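Heads up, the thing below is written out as structure tokens.
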Ligand SMILES: Nc1ncnc2c1ncn2[C@@H]1O[C@H](COP(=O)(O)OP(=O)(O)O)[C@@H](O)[C@H]1O
Ligand SMILES: [Mg+2]
């Protein structure tokens with residue numbers, strides 16, 4: 001369904017000089033720097049797959065999505081989606097795809113949602129039958145009815161995201177691009193949005209690419225993940241491999257009286273082979289697999305020996321997984 005070959009995107013930016021004089025100099029300067037946002041990425045995605053496209057902030061995820069949707073043209077390399085080159089044929093391509101950008105709505109701000117859908121029906125030339133069938137399905141999974149008559153600008157973020165999802169799906173596209181579709185949502189809405197995405201994929205076989213910061217999105221929706229960092233692909237494979245090694249890792253950051261450090265915490269490593277200890281910004285981090293040992297166990301043991309001022313517990317983040325991949329631990 002999707003084939004990406006040696007994809008690159010470079011942004012040319014005016015060289016920046018510091019200060020006010022610098023700003024003026026930058027403005028007139030012909031010097032520029034080049035940012036490689038996407039740097040030689042290749043992958044293939046099959047019909048009906050949901051692939052998680054993940055990486056830290058600024059890794060190049062949105063830039064890749066924008067090229068796949070045809071909004072941006074690659075500097076070099078090639079993309080083929082459903083037999084077409086998206087940036088060469090934007091109008092044709094639009095019929096095949098749906099897009100949700102979590103940070104920015106695709107809907108008409110002042111129109112009531114119901115009119116937005118009527119307009120989309122016309123734009124995509126959807127038959128009455130198909131339209132009604134899909135609206136019924138979308139209403140069931142996204143519960144749009146209560147705010148169908150409200151202008152988009154009056155919707156809450158959660159309502160707006162559900163509406164955006166429905167709008168991206170109304171013409172039954174073959175591919176849907178979801179760029180941070182759960183960003184900023186509360187836990188309950190997140191869960192609804194995930195369920196809806198899953199049902200769309202199951203009922204209609206829609207191919208999906210999902211970028212996210214939330215590992216729970218990935219865990220619920222994807223079997224396969226592609227990880228990028230600094231524009232480069234660093235992992236393409238099973239989620240299970242990553243998950244068994246790191247998905248269940250938890251970190252506890254501890255602060256001690258008298259700045260006690262790593263040395264004094266070493267004893268904790270004897271409790272379980274998954275435990276690692278290191279120092280970070282005046283805190284001692286204890287990392288462990290939560291399937292083997294509980295946070296309470298660890299905290300209890302440490303408190304029994306040392307004067308703990310404060311502690312916080314944190315689940316593994318995408319950033320940490322990326323770090324581990326660099327250390328060749330996957
Ligand atoms: N229009 C642009 N002009 C210049 N630099 C850009 C532009 N769009 C993105 N970038 C840069 O390219 C890199 C990748 O950005 P992006 O694809 O938005 O990352 P992500 O979505 O993974 O957070 C970042 O360093 C970003 O600052
Ligand atoms: Mg982005």
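Rule-based calculations on the coordinates, nothing more; no lab input. All of these numbers come straight from a predicted model, not from anything done at the bench. Backbone-built Cβ (ideal geometry, glycine too); neighbour counts: all protein chains shown.
Here are the numbers for the structure shown:
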quantity	calculated
Inter-probe distance in nm under a simple model that places probes 7 Å from Cα toward Cβ, at residue 272 and residue 13	4.2 nm
Contact order relative to length of region 205-267, as percent, for alpha carbon pairs under 8 angstrom and 6 or more apart	18 percent
Listed residues 92, 145, 263, most fluctuating in the chain (Gaussian network, C-alpha, under 10 Å)	263
DSSP beta bridge pairing in the chain, given as percent antiparallel to the nearest 5	70 percent
Estimated [θ] at 222 nm from DSSP helical runs (n ≥ 4, -39500 (n - 2.57)) normalised by residues in the chain, nearest 500	-10500 deg cm²/dmol
Dimensions (Å) - region 194-330, Cα atoms, principal axes, largest first	59, 30, 23
Cβ-Cβ FRET estimate between residue 223 and residue 28, R0 fixed at 41 Å, reported to 0.05	0.20
Relative packing of peptides 164-170, 194-200, 73-79 - highest average C-beta neighbours within 10 Å first	164-170, 194-200, 73-79
Per residue Cα convex hull volume in Å³ - calculated over the chain	192 Å³
Semi-axes of the equivalent ellipsoid for region 248-326, Cα gyration tensor, largest first, Å	20, 15, 11
Stokes-Einstein D for region 46-243, Kirkwood Rh over Cα pairs, 37 °C, 0.692 mPa s (µm²/s)	190 µm²/s
Extension gain (nm, one decimal) between residue 46 and residue 95, 0.36 nm per residue minus Cα-Cα	15.8 nm
Rounded to 5, percent antiparallel among DSSP beta bridges of region 46-243	35 percent
Relative contact order (%) - criterion: Cα under 8 Å, at least six apart; region: region 248-326	45 percent
Rounded to 10°, Cα long-axis angle of helix 295-305 versus longest principal axis of the chain	30 degrees
Relative packing of 205-214, 98-107, which averages over residues the other C-beta atoms within 10 Å, highest first	205-214, 98-107
Residues residue 106 and residue 232, FRET efficiency given R0 of 25 Å [Cβ-Cβ distance, rounded to 0.05]	0.30
Inter-site label distance for residue 204 and residue 258 at 7 Å from Cα along Cβ, in nm	6.4 nm
Alpha-carbon centroids, region 217-251 and region 277-325: separation in whole Å	21 Å
